[in-house]
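Read-outs throughout are calculated quantities, based only on the coordinates presented, and are distinct from any laboratory measurement. Computed from a predicted model, the values in this text were never measured in an experiment. FYI the Cβ positions are ideal-geometry reconstructions off the backbone, even for glycines, and counts take in every protein chain you see.
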Amino acid sequence: MPNALDTIREVYALGGNLRLEGDGLIMEAPRPLPEVVRKRVRQYKPAIMVAFGAPLDSVVAQVLEEIRPHLPRALQGLSDSKLLALVNWSIIVAWNKAMASL
């Protein structure tokens with residue numbers, strides 16, 4: 001299964017380019033890249049940003065931006081810091097459940 005680094009290599013092999021600009025990741029190519037590659041770039045976007053040296057706060061903001069539309073409406077309006085605390089708490093709860101079942 002491909003990972004973020006495999007995806008970066010594939011974009012370059014197909015003549016494309018990835019770069020950080022501002023708080024985001026820009027993908028450019030002389031012709032449209034295959035949908036499967038574009039989908040993997042979206043899937044691995046935070047990891048690709050980390051690989052390119054993006055500041056951690058930019059990566060966290062990207063992750064929160066991606067999950068916010070999938071949250072219940074009442075949670076969508078939370079500030080980034082409160083939403084991040086909720087995500088972290090959810091991870092801790094899931095970890096504790098997983099460890100208790102061992």
*May I ask which residue of 8, 36, 61 lies farthest towards the positive end of the charge dipole of the chain, with charges of +1 (Lys, Arg) and -1 (Asp, Glu) on Cβ and the Cα centre as origin?*
36
*FRET E, pair residue 5, residue 39, Förster distance 25 Å, beta-carbon r, rounded to 0.05*: 0.90
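R0 = 41 Å: FRET efficiency of residue 70 with residue 12, Cβ-based, nearest 0.05? Mind showing how you got there, number by number?
Working: r = 31 Å, r/R0 = 0.75.
In this case the efficiency is close to 0.85.
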*Ordered by residue, what ³J(HN,Hα) values in Hz, to whole numbers, does region 16-25 give under the Karplus form 6.51 cos²θ - 1.76 cosθ + 1.60, where θ = phi - 60° and Gly and Pro are x?*
x, 9, 10, 7, 7, 9, x, 9, x, 10
*Residue by residue through region 78-89, which ³J(HN,Hα) values in whole Hz follow from phi under the Karplus form 6.51 cos²θ - 1.76 cosθ + 1.60 (θ = phi - 60°), with glycine and proline marked x?*
5, 5, 4, 5, 5, 5, 4, 4, 5, 4, 4, 4
*What order do you get for 46-53, 80-87 when each peptide is scored by the mean count of other beta carbon atoms within 10 Å, highest first?*
46-53, 80-87
*Calculate, axis by axis, the spread of Cα positions in the chain along the three principal axes, and write the results as whole Å, longest axis first.*
47, 35, 25
*Please name whichever of 76, 26, 50 sits farthest to the positive end of the charge dipole of the chain, dipole taken about the Cα centre and charges placed at Cβ: Lys and Arg +1, Asp and Glu -1.*
76
